[in-house]
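Notes follow once the structure below has been shown.
The values are calculated or read from the model by the stated rules, or taken from the named source; none is laboratory data. Not measured: the values here are computed from a predicted model. Methodologically, a virtual Cβ is constructed for each residue, glycine included, from the backbone with ideal geometry; neighbour enumeration extends over all protein chains shown. These accessible areas exclude ligands, DNA and RNA; they are computed on the full protein's heavy atoms, side chains included. Shrake-Rupley method; radii C 1.70, N 1.55, O 1.52, S 1.80 Å.
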Amino acid sequence: TKQLALHAELVPLLAGGAGGVLAALIFVVWSLRALARRSARSLLAGTTEPTAKGKGQKAAGKSEGDDRVSVLSGANRSRLAALPGSVIAAAVLSVLGVGLVVGAALGKVSQVGGFFGAGTLCLAGLLCFQLAWLRGGGAGRGRVLAGRGWWAMARLGFRGATSRPGRSVLCIALIAAATFIIVAVEAFRRDGQQETTVNHQSGTGGYALFAETLLPLTHNPETAEGREALNLTATNGGAEMLKDGDAFTRFRLRPGDDASCLNLYRPQNPRILGATDAFIHSQRFSFLNSMAETPAEKENPWLLLNKESGDQSVPIIADANSLAYVLHLKVGDELTITDDGGRRIRLRVVAALADSLLQSELIMAERHFVRLFPQQEGYRFFLLDAWAGRGEAVAEMAGHLEDRLSDYGFDAQSTAERLASFHRVENTYLSTFQLLGALGMALGTLGLAAVLLRNVFERRRELALLRAVGYGRADFAVMILAENALLLGAGLLTGSSCALLAIAPAYAARGGQLISLSLAIMLLAVLAAGLLASLLATWAALRAPLLPSLRTE
């Protein structure tokens, strides 16, 4: 980390500033073009209601009453014309989303793409439905409100969201999109400490310990003769820590660069393990995808390591996370490395492991390893399956093995802790993305405050009239808070529900908490910030003089 430093150049900074100014100018021109369609009378009166399309010049020469009739009739025609399109779009997007869910559940499309695509389509469909609802008279628009007290004012505030349907849906979309991101990211957090089971398909492969030596071991610890040669037998009447039933899986190791997320740099010559035939047929770990063709290969993709290729490339298997985020490869791609003599070797990825402790290495068959790296003698990487009857004695066994094999530089660690170290790095990246989503929500809340200020400014005559007939500041606060709470609640609910649909496979496979404490606090903070923005908008509106606003009414 001492090599990290701020790197700022003049050209990118100038380009960023010029881009911001250009974007501002574009939107200024866009706003002026929209205002040019308004009649002179409406602009002098301070109203921003659009006239009927193509009637702006005619409306300018009519009386005030005719101008308002034209405005209202044009708005109604626009609303009625847009309503069917919004409903149809919502229905089509929802049907497509359901189709992707069914396809992902049946295995016709990938679960990640299917469910995230379905969540995105449902998000867009719900926004279209909300647009249609607001344009079609949602929140009781057009009906007389009867009652008194805070609930009646809140209902009046709900109705205010229908005055600018497009603007209201834009606010909902900003909050919903950011909520979708942070809720979806939360489901992918991992806890490696849960992988302390004998499940052979888990991330630990059912192994309790993994170890590495500085010097190679030529004897097999799984046999009585090997344990005798390695001084692993019981002494002075003590219990024998390693028994015939314990799997002491051995791998040949060619040292190299760490290919896991613990390495900040892209490896040029990754570490390579040579897997024995016994390990290949043990069917340990689970796979994300592979190039398997036969039923036997699909049942056990490790068999692909012994499959001959016609292009002289060597088949290898790697962890999916290392392939995607460290090596930037996928199944079927090739990786070229150099052997100890400087010759170039082509390696082809034939399968990807799903979240395993073997993220630091590439695995090939032992026969290919011996042919390519004859200088690497013996075995230096080990996986120990010793769960049965051990319980808390696993750590004691690690110390026993390190003591007896100290001449070889034997270093044993818990497989669960090893996997947890990878997960901590992944969780850090997830927290970064979640923080970016929270920043998006904060910006969306600021945008919502700006929209509220504009809405209140455009409705200042209405508020002034209500104030003149007896309504007080508290009534206005309730009304504007209710309108903002409706938009915020709709955004949070829309984004959360669509995100839960998108993460359904991940949650079903991993379990865990759908909503963590930090996520709940983040969502509540956004809600509180939005309500505070409402109060600020109300305060700014009530500071405006009453009489000038009434004169234009």
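Overview of results
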{"quantity": "Residue count for region 1-50, restricted to those that are of a type in the set (A, V, I, L, M), closer than 22 Å to Arg164 by Cα and modelled with pLDDT under 75", "calculated": "3"}
{"quantity": "Residue within region 326-339 that is outside any loop (DSSP other than H, G, I, E, B), within 20 Å of Arg252 (Cβ to Cβ) and open to solvent by less than 20 Å² (accessible area, probe 1.4 Å) present", "calculated": "yes"}
{"quantity": "Ala490 being in contact with a Phe, Trp or Tyr (Cβ under 8 Å, 6 or more places away or on another chain), open to solvent by less than 30 Å² (accessible area, probe 1.4 Å), closer than 24 Å to Leu121 by Cα and of a type in the set (A, V, I, L, M)", "calculated": "no"}
{"quantity": "Selection within region 259-274 - surrounded by fewer than 22 Cβ atoms within 10 Å (Cβ to Cβ) and farther than 16 Å from Phe210 by Cα", "calculated": "Cys261, Leu262, Asn263, Leu264, Tyr265, Arg266, Pro267, Gln268, Asn269"}
{"quantity": "Residue within region 446-458 that is among the charged types (D, E, K, R), open to solvent by 70 Å² or more (accessible area, probe 1.4 Å), in contact with a helix residue (DSSP H, G or I) (Cβ under 9 Å, 6 or more places away or on another chain) and assigned to a helix (DSSP H, G or I) present", "calculated": "yes"}
{"quantity": "Matching residues in region 419-434 - criterion: being open to solvent by 50 Å² or more (accessible area, probe 1.4 Å) and more than 15 Å from the chain's Cα centre (by Cα)", "calculated": "Arg424"}
{"quantity": "Condition check for Ala318: assigned to a loop (DSSP other than H, G, I, E, B), of a type outside the set (S, T, N, Q), open to solvent by less than 10 Å² (accessible area, probe 1.4 Å) and out of contact with any Gly (no Cβ under 6 Å at 6 or more places or on another chain)", "calculated": "no"}
{"quantity": "Close pairs (7 angstrom Cβ cut-off, 6 or more residues apart or separate chains): over 18 Å from Leu486 (Cα atoms) and of a type in the set (Phe, Trp, Tyr) in region 517-530, part of a helix (DSSP H, G or I) and open to solvent by 50 Å² or more (accessible area, probe 1.4 Å) anywhere", "calculated": "none"}
{"quantity": "Tabulated pairs, region 255-271, first free of Cβ contacts under 8 Å to residues at least 40 places away in the same chain, second part of a loop (DSSP other than H, G, I, E, B) and among the aliphatic types (A, V, I, L, M), C-beta under 8 angstrom, 6+ apart or interchain", "calculated": "none"}
{"quantity": "Some residue of region 349-356 being assigned to a loop (DSSP other than H, G, I, E, B) and among the polar types (S, T, N, Q)", "calculated": "yes"}
{"quantity": "Those residues of region 276-315 which are in a loop (DSSP other than H, G, I, E, B), open to solvent by less than 40 Å² (accessible area, probe 1.4 Å), of a type in the set (A, V, I, L, M, F, W, C) and farther than 24 Å from Asp385 by Cα, in sequence order", "calculated": "Ala292"}
{"quantity": "Boolean, Leu273 is in a strand (DSSP E or B) and at pLDDT below 90", "calculated": "no"}
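Residues checked against (1) among the small types (Gly, Ala, Ser); (2) crowded, with 23+ Cβ neighbours inside 10 Å; (3) modelled with pLDDT under 85; (4) within 36 Å of the chain's Cα centre (by Cα):
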{"residue": "Cys122", "(1), (2), (3), (4)": "no, yes, no, yes"}
{"residue": "Leu134", "(1), (2), (3), (4)": "no, yes, yes, yes"}
{"residue": "Arg141", "(1), (2), (3), (4)": "no, no, yes, no"}
{"residue": "Ala146", "(1), (2), (3), (4)": "yes, no, yes, no"}
{"residue": "Gly149", "(1), (2), (3), (4)": "yes, no, yes, no"}
{"residue": "Ala152", "(1), (2), (3), (4)": "yes, no, yes, no"}
{"residue": "Arg159", "(1), (2), (3), (4)": "no, no, yes, yes"}
